[in-house]
Amino acid sequence: MVENGTNYQRQTTMSKQLWIYDTTLRDGAQREGLSLSLEDKLQIARKLDQLGIPFIEGGWPGANPKDVQLFWRLTEEPLSQAEIVAFCSTRRPHTTAAEDPSLKPILSAGTIWITTFGKSWDLHVTESLKTSLEENLAMIQDTIEFFRSQGRRVIYDAEHWFDGYKNNPEYALETLKAAVAGGAEWLVLCDTNGGTLPHEVTAIAKTVVTALANWGETSVQVGIHTHNDSGTAVANALAAVMEGATMIQGTINGYGERCGNADLCTLIPNLQLKLGYSCIANEHLSKLSESSRFISEVVNLAPDDHAPFVGLSAFAHKGGIHVSAVERNPLTYEHIAPEEVGNKRRIVISDQSGLSNVLAKARNYGINLERDNPTSRQLLQQLKELENQGYQFEAAEASFELLMRSALGTRKQWFEIRGFQVHCDKSSLATCNSLATVKVIVSDRELLEVAEGNGPVSALDAALRKALQNFYPEIAEFQLRDYKVRILDGKAGTSAKTRVLVESSNGHQRWTTVGVSTNILDASYQAVVEGLEYGLMLQQQTPSNSVILAESSL
């Protein structure tokens, strides 16, 4: 891997070029509740490579076995264009970098680029490192010189830079001088605690860029690394770029410790589409939404539907006036074309919908409804009545499509449920063994099936699948991905009305259905049955006929 490393030189001649540095595999993995296997890390690295990210921080070789194995695997099967970067701290106090055993695994990782971090804040030098300010400067310079002597190129992360500068600006600048003297090519200003505000970033970043010019260091470039503890990570990164920073460090979906890191899914389109910088190729930018959702699936965290640019709701329109305006001219309520980042416009159906919502939603499903068609008004009225009863179609658009097809007389009856019974045996505190019996009619054949499950919904779902798979083998591929219950009128106690949302998947697409009843099992039954029915309908549709692909492709 060391002999590669040509991408950086190849692109530096481009105007307004910025360098995206992804640290999802290290900093992002420090998020509470996020745990990555080696295969997870490899999948993410390859997806980032396909997205055109130039620098991917793989982790800290030697810190744990997974990171060591990751670098080995990427040596055997290199990425197509991205530089994989090893991460580490400066050497220990009162030794030399050449003698420090903690730096040997960094070299063994075989990367051309190494990011090393050092202390910028005098408080950390004296309190955390328990050493002198002079020794800290020697640690920074010696470590970088050592890596350079081994043929490596070095990015220097100035940890706690902004806190250090605010506390002792003269010393903080001396740490950067030490990094430059050692041979660092990038000085990355880190807001490690995430407490700095954009106006402070602007002033301090400008000071650093000016200082480098005064030192005569025109070949050393500035980068920015921000955390989101004050909710300003993206704004801070943008502020630094406006003052001359050319490397932007962050993570996909803003994953990271505490409140997270700067979200590259927000930063990249803002920099590229709004400010005119070049971050990644336009054809890669159009894959941003898909990449965001793919990585959220790998890390097993639900995608943020309301995330800027890439969220499912980022270009969703609910108010009837909004929908009517967007239909005439998208610029009225969309700041960019959603396709630029690989997202799509969605028309949300709810009790606030007007006729424009219904007509636009129908077109998404490949159904041409005319405004003067009586069915359109009937469908809108039925929608409002059902939502008044507790149904929620903005979160269950599969159920809405089935409702629409029923109104138009085009809904196919795949099967008919004649009845079901569920028996629960609470044999222990840990489990509730359930037995479900269902009577189903398919093609004039009556089937009676029984299945067990851990809970009544699981048993009912298993019995339905068992019966229907005799006629529809594809049901074996359907999975129940999520199950949500909402009590609609809590004051009614145990007789309260319940809304159930069931998310299903066939491994390629996801869809959500809804059921409402004062009986939670009946509400669950409605949602599960519609989920199976919608999945069967998808098997007969091309992707262009289904909005579900646009919403939640895996």
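The values are calculated or read from the model by the stated rules, or taken from the named source; none is laboratory data. Only a predicted model underlies this, so the values are computations on that prediction, with no experimental measurement involved. Here the Cβ is made from the backbone with ideal geometry for all residues, glycine too, and neighbour counts use every protein chain on show. Areas reflect the complete protein model, heavy atoms only, side chains present, ligands, DNA and RNA absent. Shrake-Rupley method; radii C 1.70, N 1.55, O 1.52, S 1.80 Å.
Values computed for the structure shown
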| item | result |
| --- | --- |
| Placed amide H near F117: partners under 5 Å, 5+ positions off or other chain | C88, S89, T90, D157 |
| Pairs from K287/K466; K47/K166; K47/K119; K47/K344 whose Cα-Cα separation, in the structure shown, is over 30 Å | K287/K466; K47/K166; K47/K119 |
| Accessible solvent surface per residue of the chain, calculated while the other protein chains remain in place, 1.4 angstrom probe, Å² | 43 Å² |
| The chain: calculated mean residue ellipticity at 222 nm from DSSP helix runs of at least 4, using -39500 (n - 2.57) | -11500 deg cm²/dmol |
| Region 247-305 - convex hull of alpha carbons, volume per residue in Å³ | 95 Å³ |
| Cross-link partners of K384 among aspartates and glutamates (Cα-Cα below 18 Å; sequence separation of 8 or more within a chain) | D351, E394, E397, E401 |
| Label assignment, Rg and Dmax of the Cα atoms in Å derived from the structure, set (i) 28.2, 87; (ii) 27.1, 101; (iii) 27.1, 112 | (i) |
| Region 382-471: C-alpha gyration tensor shape, a/c 1.5 cut-off, then a/b vs b/c | oblate |
| Sulfur and carbon atoms: percent of accessible area, region 140-289 [1.4 Å] | 48 percent |
| Cα-based shape type of region 113-156, given that a ≥ b ≥ c are square roots of the gyration tensor eigenvalues and the cut on a/c is 1.5 | prolate |
| Aspartates and glutamates whose Cα lies under 16 Å from that of K41, excluding same-chain neighbours fewer than 8 positions away | D22, D27, D49, E57, D67, E76, E77, E83, E297 |
| Helix 169-182 axis, angle to the chain major axis (alpha carbon atoms, nearest 10°) | 80 degrees |
| Lys/Arg +1, Asp/Glu -1 at C-beta; the chain dipole; positive extreme among G195, G244, A523 | A523 |
| Charge context of A436, other residues only, Cβ under 9 angstrom, K/R +1, D/E -1 | -3 |
| Radius 15 Å from Cβ of R377, net charge of other residues (Lys, Arg +1; Asp, Glu -1) | 0 |
| Principal-axis tilt of helix 65-76 within the chain, Cα atoms, nearest 10 degrees | 90 degrees |
| Residue (of H317, P338, A281) at the positive-pole extreme of region 279-347, dipole from beta-carbon charges | H317 |
| Highest-first arrangement of 272-282, 158-168, where packing means the average Cβ count within 10 Å | 158-168, 272-282 |
| Semi-axes of the equivalent ellipsoid for region 233-374, Cα gyration tensor, largest first, Å | 33, 17, 13 |
| Between helix 38-50 and the chain: long-axis angle, C-alpha atoms, 0 to 90°, nearest 10 | 80 degrees |
| Integer Hz, Karplus 6.51/-1.76/1.60 couplings in order for region 238-248, x for Gly and Pro | 4, 4, 5, 4, 5, 9, x, 5, 10, 10, 10 |
| Qualifying aspartates and glutamates (Cα of each under 12 Å from Cα of K206; at least 8 residues distant if same chain) | E243 |
| Environment charge at D22 (Cβ cut-off 13 Å; Lys +1, Arg +1, Asp -1, Glu -1) | -1 |
